[in-house]
Amino acid sequence: MKLTTMREAIERHVPSGSMVLLGAQLEPMIPFSAGHEIIRQGRRDLTLVGPISDILFDQMIGAGCVARVMAAWVGNVSAGVGYCFRRAAEQSIPRRIEVVDYSNFTLALALHSAAMGAPFMPTYATLGSDLLKKNGNLREFPSPVNEERLVAVRALRPDVAIVHVQRADSEGNAHLWGSLGVAVDGARAARKVIVVAEEIVEPAVIASDPNRTLIPGFLVAAVIHEPWGAHPSPVQGYYGRDHAFFAEYHEETRTLEGFERWLTRWVVRPQSRHEYMSQLGEARAEKLGVKEHAFAAPADFGY
Amino acid sequence: MRFRTPSPSGSRRRETWTDVAVRSETDLAARGFTLSELMIAAAAREINDGELVFVGMRLPMLAFLVARRTHAPAAIGLFENGVIRATPSPELLYTMADPPNLRAATECGQMLDVMGLLQQGRVHVGFLGAAEVDRFGNLNTTWGHRDRELRRLPGSGGACDIACLARRTVVLLVHDRSRLCERVSHITSPGYGSGNGWRRAQGLPDDSGPSAVITTLGVLRFRLDGEAYLASVHPGISVEEVLSNTGWTLRVSDELVETIPPDTEELRVMRELDPNHFWTR
């Protein structure tokens, strides 16, 4: 039985020192509830991997969980900079972090490479940039088939990928749709996958639309039923993006003290996503809910 | 095309960007449009009909939509998260993956799907923002300088990829001496490097590189040797103002023109898309 609680899944599958892929779909479906549980369990020395991470990476860095970030962009997408990331990178507060800068494409290729079981993937991207000079996982080499120069992007194999999805069955076969980013490769690249689902459905529902099954259950170590687990990021068909929450985070975390207050209020004190949502309040959740459903036309798998 | 190098300005107090901006906003308001609207119209004209466009957020997003609704009805928008979209999102967006941008999109794929199109050379133009741009169009969004202190910025995102691989890139940014600098301290996204033949020497595709830098004061373009020159100044802005707010001795085109203001149709579309002037203040 893979269906478990967030607390158990993090306890079991995300030890200190792990390399963790989060935010694989970019701005939407960021597994905030999983990140918050990692903070509550006091994990340390993590390596965070993700193309852009919005404010989840900023929170985990601020909480002192992180030793290294391998990402293309770290900040607050709609508001600008992430203050915790900046404090850590500039002043080693609360601790020193190593930042390994990728571009979106090269991070995607690093995961794709691991998903393919290949040692690296070639690209022209980052030639001439300082990313290529400073990131040891990007190496220039002469093309073996012509006279060109290429960049070898070394395969990146996270210990665990945490992927938020719309629905899954209890074995972890998962449907996700909308913005996919690097989620499909990310789940295949990682040694273990934790699926966090808005809904747990019967296996027949997943089997009815196999093209939408982007994570097969045999790769999945744990499945968690966590409605609203991605708030304040959006989940297509479930809830919208809480833009104000990102703006408030930006204002409230300018100072270290401000961040600590924010962390106590939204991460340390609520012991579960349920308590977090009670604090957010029904009215705010209601406002974020889907106003008008737009179901896809059914695809006929008959024969 | 020939260029002249202007003589350095006199000893009077240098007008800061803020002074210039406030004055130019007033001038522009009298003309019936805002500075953002002028920049969006300029950006929209960088898109030709039928082109594949790597769309950024904020002003470039509006520029793409204005182009689609006016002179480039067959332009297609690509987003780094894997979304391909021809029609405008039904609502204002804060991020490219906001639910309204995915509903009725042309395709919702993976990041590698759109990055693959980019690497194939199929993407005609990509829009980028930056903290710093230099004389040769190199961009820095990794480590910036504010008040002489080093500031860690968010990083590349997809900007480095677009700068390497799109046929043309268009940069939008605020024009001041710290942002338009002689040489960026960190090349996040390569432009023409140090000039002549640099991109080719790095192994970057021949048919690629910066095409325009649209600032709050004017539009810069690039000579064949990779150096930027002033191609147009915005209405009410003098060449001297541009030069004194640029961190190197900027060359000026002999055929310098005034940036063409947004026409009635472009303004109508912008105001329909952004009725509360959220992006076009």
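Values quoted throughout were computed directly from the atomic coordinates according to the rules given, and no laboratory measurement underlies them. Please read these numbers as outputs of a predicted model, since none were measured by experiment. Backbone-built Cβ (ideal geometry, glycine too); neighbour counts: all protein chains shown.
Taking square-rooted eigenvalues a ≥ b ≥ c of the alpha carbon gyration tensor, is chain A rounded, prolate or oblate, where a/c under 1.5 means rounded and, failing that, a/b exceeding b/c means prolate? In terms of gyration-tensor shape, oblate. Cα gyration tensor of segment A:102-156, axes a ≥ b ≥ c as square roots of the eigenvalues: rounded (a/c below 1.5), prolate (a/b > b/c) or oblate? Judged from the Cα gyration tensor, segment A:102-156 comes out oblate (a/c at least 1.5, b/c at or above a/b).
Summed over qualifying helices (DSSP H, 4 residues or more, each -39500 (n - 2.57)) and divided by its residue number, the protein assembly as shown shows a 222 nm mean residue ellipticity of -8000 deg cm²/dmol. The label-point distance for B:E107 and A:V145, in a model that sets each label 7 Å from Cα toward Cβ, rounds to 2.1 nm. Among beta bridges from DSSP that stay inside the protein assembly as shown, the antiparallel ones total about 40%.
Mean per-residue shielding of peptide A:70-77 is 5, counting Cβ atoms of other chains within 10 Å of each Cβ.
Residues considered: B:R45, B:R85, B:R152. Largest GNM mean-square fluctuation over chain B, using C-alpha springs under 10 Å, is found at B:R152.
With Rh defined as the Kirkwood radius, the inverse of the mean 1/r over Cα pairs, the Rg/Rh of the protein assembly as shown is 0.97.
Counting beta carbons within 10 Å around each of B:C160, A:C84 and listing the fewest first gives the order A:C84, B:C160.
Rounded to the nearest 20 debye, the dipole magnitude of segment B:3-273 is 480 debye, with +1 charges on Lys and Arg beta carbons, -1 on Asp and Glu beta carbons, and the Cα centre as origin. As a test, work out the antiparallel percent of DSSP beta bridges whose residues both lie in chain A, rounded to the nearest 5. Taking every DSSP beta bridge with both residues in chain A, the antiparallel ones total about 35 percent. Both the radius of gyration and Dmax for chain B are 18.3, 58 Å, in that order, over alpha-carbon atoms.
Taking B:R268, B:R148, B:R199 as the candidate residues, the one with maximal mean-square fluctuation in a Gaussian network model of chain B, Cα springs under 10 Å, is B:R148. A simple rule links phi to the HN-Hα coupling: the Karplus curve 6.51 cos²θ - 1.76 cosθ + 1.60 with θ = phi - 60°, which for segment A:249-260 gives 4, 4, 5, 7, 10, 4, 10, 4, 5, x, 5, 4 Hz, with x for Gly and Pro. Please list, by residue number, every one of the GluC sites (Glu not before Pro) in segment A:200-303 that is coil in DSSP and has at most 15 other beta-carbon atoms within 10 Å. Loop-located and lightly packed - A:E292.
Expressed as a fraction of 2.2 N^0.38 Å, the value expected for a compact globular protein of N residues, the C-alpha radius of gyration of segment A:1-154 is 1.12. Of the residues A:R254, A:R241, A:R68, the one that moves most in a GNM of chain A with alpha-carbon contacts below 10 Å is A:R254. Please give the residues of segment B:36-55, grouped as numeric ranges, whose backbone N is less than 11 Å from a label point set 7 Å along the Cα-to-Cβ vector of B:H277. Under cut-off, by backbone N: B:36-37. The ranking of B:L217, B:L153 by Cβ neighbour count inside 10 Å, starting from the fewest, reads B:L153, B:L217.
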